[in-house]
Amino acid sequence: MTTLTAARTAIRVRGLIKSFGHGRGHTVALGGLDLDVAEGQFLCLLGRSGCGKSTLLNVLAQLDEPTAGSVDLGGRKVAMMFQDATLFPWLTAGGNIALALRLAGVPRSQRSARVAELLELAHLGGLQQKRPHELSGGMRQRVALVRALAQDASVLLMDEPFGALDAMTRDVLHDELERIWRERRLTVVFVTHNVREAVRLGDRVLLMAPSPGRVDAELDVDVPRPRRIDSPEVGERARRLTDQLQAQGSMT
Amino acid sequence: MTATTATVEADRGHRPIGRALWARLWPMTAALVIALTLWQLVAWSGFRPDYVLPDPLAVGKDLADRLGGTELWHAIGTTMRRAAVGFTLSILVGTLVGLAVVKSRVLRTAVGSLITGLQTMPSIAWFPLAILLFQLSEQAILFVVVLGAAPSIANGLISGIDDLSPQLLRAARVLGAKGVSLYTSVVMPAALPAYLAGLKQGWAFAWRSLMAGELLVVIANRPALGTDLHFAREFSDAPRLIATMIVILVIGMIVDGIFATIANGVRRRRGLGALPL
Ligand SMILES: Nc1ncnc2c1ncn2[C@@H]1O[C@H](COP(=O)(O)OP(=O)(O)OP(=O)(O)O)[C@@H](O)[C@H]1O
Ligand SMILES: [Mg+2]
């Protein structure tokens with residue numbers, strides 16, 4: 001019974017502190033953060049620039065050691081999409097995805113079919129042979145998204161993934177992401193500056209506050225899916241969150 | 001309007017080979033003509049007698065004669081075989097040392113600056129020791145060639161890996177690359193441009209060391225380009241001396257050009273250096 005409840009929490013963070021540097025240049029990016037993300041939950045993080053969102057994702061992905069506190073993912077595999085597209089410049093778009101598949105242990109014979117399938121998913125069909133520098137910023141972000149999905153992990157961390165997309169492509173990718181999240185029962189932590197996007201996608205939205213980084217407020221999004229980013233229900237919750245964000249700004 | 005842009009694009013994509021070649025060839029041809037003219041002028045000025053400073057025509061004739069014979073080609077063969085063996089060994093040594101230094105903090109402190117020190121050391125300074133160790137033999141030449149080239153290759157690899165973008169490394173870690181797969185799939189490809197620059201520089205050092213070596217280590221009945229310089233001076237055969245120097249220069253430039261072409265191709269495929277300065 002206890003193991004069952006334990007299994008329902010995909011990410012458990014307790015008293016997480018992350019600071020950079022020593023002495024005068026010392027920054028406390030995260031100051032004692034507690035967080036539970038249920039398995040299969042879509043969690044969105046909102047907050048001003050510099051409040052520690054990327055830092056939190058890096059610690060969750062075990063790329064950075066916490067200064068203090070604990071992070072427990074119960075041994076789950078993590079995929080991450082970075083704030084700046086980090087495609088490997090010596091590989092084509094298809095090559096980047098094939099590498100992710102290879103490192104995830106997909107046998108060679110299945111890779112090329114999987115690559116084509118994954119690219120199609122993000123409407124990148126004809127771009128398989130293009131190198132990263134030949135793609136637009138939005139295309140690079142989509143390739144990076146596809147590469148993260150290729151890892152077939154159960155936890156997906158996304159750092160402002162759709163920042164460089166036009167509204168139409170973004171809406172399509174919201175639908176795709178939601179569908180994949182459902183089908184694969186992913187646990188998603190999604191960082192964004194777009195309040196409507198957070199409400200459109202999230203089961204739960206956390207509002208973070210800076211110096212030191214912490215969770216300031218949270219909202220359970222009780223709007224039934226499928227949602228539309230321009231629906232009045234989404235708009236109403238977005239307005240509430242925006243007001244909270246602004247109140248936070250006037251305090252500092 | 002759109003049509004015009006499209007043609008311009010297509011033009012840039014597949015420039016006719018003839019025109020691309022011409023764009024590279026005419027500055028070289030011009031430089032060559034100017035150099036030959038200057039040389040001819042100095043020869044005519046009587047600054048030095050003919051038998052010491054021959055004019056371009058005399059040298060050209062000597063070169064043409066010897067290119068028609070077999071001896072020069074034997075010499076080129078020996079020298080290129082030594083260059084190939086020495087450079088291959090240098091790549092092996094340089095790469096292994098570079099990787100070892102990258103992996104181990106202790107080694108880096110111990111030999112990091114020594115490698116740069118070796119790079120600045122004139123290779124000719126090694127020959128007395130090499131000759132004591134190996135006598136006048138192939139090994140003596142090989143020893144000095146490797147000592148000349150390997151440090152540059154190691155340094156290229158080390159700086160390539162040191163300058164690896166931390167963001168790419170993070171991406172690689174998240175994708176699950178570790179140990180050998182981290183090196184083969186991310187670290188080495190990322191370091192490739194710097195490694196190629198190291199190889200190019202290593203080649204230049206190898207070629208210099210080899211010529212110095214062949215001048216000093218003369219092995220009987222084995223013609224080589226450096227050895228040829230030695231005998232040309234002994235016999236005061238100035239046209240032959242200068243003709244051989246030209247052969248040495250041209251071979252050095254051709255191999256360097258091959259490395260430059262490979263390196264530029266790699267950089268272009270990554271979108272590096274696409275903007276004119
Ligand atoms: N490697 C680092 N060294 C020093 N300070 C850092 C480092 N990384 C982040 N910081 C600091 O930590 C704080 C949080 O940074 P972080 O990148 O997590 O912000 P963020 O919430 O992701 O901001 P944004 O929305 O602009 O991406 C900032 O004050 C930043 O200056
Ligand atoms: Mg960030």
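The values are calculated or read from the model by the stated rules, or taken from the named source; none is laboratory data. Keep in mind the model is a prediction, meaning the values are calculated, not measured. Here the Cβ is made from the backbone with ideal geometry for all residues, glycine too, and neighbour counts use every protein chain on show. Note: areas computed on protein heavy atoms with side chains; ligands, DNA, RNA excluded. Shrake-Rupley method; radii C 1.70, N 1.55, O 1.52, S 1.80 Å.
Details
- Test: B:L32 is open to solvent by 100 Å² or more (accessible area, probe 1.4 Å) and modelled with pLDDT of 90 or more: yes
- Yes/no for B:P189 being in contact (Cβ under 8 Å) with a residue 40 or more places away in the chain and under 20 Å from A:T92 (Cα atoms): no
- Within region B:161-179, the set of residues being within 12 Å of chain A (Cβ to nearest Cβ) and assigned to a helix (DSSP H, G or I) comprises B:P166, B:Q167, B:L168, B:L169, B:R170, B:A171, B:A172, B:R173, B:V174.
- Given (1) facing another protein chain (nearest Cβ under 10 Å); (2) crowded, with 21+ Cβ neighbours inside 10 Å; (3) free of Cβ contacts under 8 Å to residues at least 60 places away in the same chain; (4) not in a helix (DSSP H, G or I), number of the condition A:G105 does not satisfy: (2)
- A:H133 meets the stated requirement of being farther than 25 Å from A:N58 by Cβ, within 14 Å of another protein chain (Cβ to nearest Cβ) and more than 16 Å from ligand 1 (Cβ to nearest atom).
- Residues of region B:39-53 classified as assigned to a loop (DSSP other than H, G, I, E, B) and among the hydrophobic types (A, V, I, L, M, F, W, C), total: 3
- Out of A:L177, A:L99, sole residue that is part of a helix (DSSP H, G or I) and farther than 19 Å from B:A171 by Cβ: A:L177
- Tally, over region A:184-215, of residues that are open to solvent by 10 Å² or more (accessible area, probe 1.4 Å), part of a strand (DSSP E or B) and either touching a Ser or Thr at 6+ places or on another chain (Cβ under 8 Å) or within 13 Å of ligand 1 (Cβ to nearest atom) (or both): 2
- Counting only residues that are within 17 Å of A:L45 (Cβ to Cβ), within 16 Å of ligand 1 (Cβ to nearest atom) and buried (at least 24 other Cβ atoms within 10 Å of the Cβ), region A:144-161 holds 3 of them.
Residues checked against (1) surrounded by fewer than 21 Cβ atoms within 10 Å (Cβ to Cβ); (2) within 14 Å of chain A (Cβ to nearest Cβ):
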| residue | (1), (2) |
| --- | --- |
| B:N221 | yes, no |
| B:T227 | no, no |
| B:A238 | yes, no |
| B:A243 | no, no |
| B:V247 | yes, no |
| B:V250 | yes, no |
| B:A260 | yes, no |
| B:N264 | yes, no |
| B:R267 | yes, yes |
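- The numbered conditions (1) within 15 Å of ligand 1 (Cβ to nearest atom); (2) on the phi > 0 side of the Ramachandran plot; (3) over 16 Å from the mean Cα position of the chain (by Cα) are all true for A:G74 except (1).
- If the condition is being open to solvent by 40 Å² or more (accessible area, probe 1.4 Å) and not in a helix (DSSP H, G or I), then region B:54-100 contributes B:D55, B:T70.
- All positions within region B:180-204 that are open to solvent by 50 Å² or more (accessible area, probe 1.4 Å) and more than 9 Å from chain A (Cβ to nearest Cβ): B:V180, B:Y183, B:T184, B:M188, B:A197, B:K200, B:Q201
- Residue match in region A:14-37 (condition: more than 16 Å from ligand 2 (Cβ to nearest atom), closer than 20 Å to B:V174 by Cβ, within 14 Å of chain B (Cβ to nearest Cβ) and not polar (S, T, N, Q)): no
- Options A:G94, A:G52: the member that is more than 14 Å from chain B (Cβ to nearest Cβ), touching a residue at least 12 places away in the same chain (Cβ under 8 Å) and within 15 Å of the chain's Cα centre (by Cα): A:G52
- Evaluation of A:Q41 against (1) within 16 Å of ligand 2 (Cβ to nearest atom); (2) away from chain B (no Cβ under 14 Å) (one fails), failing number: (1)
- Qualifying residue in region A:83-91 (condition: more than 14 Å from chain B (Cβ to nearest Cβ) and either touching a helix residue (DSSP H, G or I) at 6+ places or on another chain (Cβ under 8 Å) or β-branched (V, I, T) (or both)): no
- Residue in region A:105-113 that is under 20 Å from B:A171 (Cα atoms) and either within 16 Å of ligand 1 (Cβ to nearest atom) or hydrophobic (A, V, I, L, M, F, W, C) (or both) present: yes
- Filtered by the rule that a residue be away from ligand 2 (no atom under 16 Å from the Cβ) and of a type outside the set (A, V, I, L, M, F, W, C), region A:138-174 gives A:G138, A:R140, A:R142, A:R147, A:Q151, A:D152, A:S154, A:D166, A:T169, A:R170, A:D171, A:H174.
- A:E65 vs. criteria closer than 12 Å to A:V189 by Cα and away from ligand 2 (no atom under 16 Å from the Cβ): no
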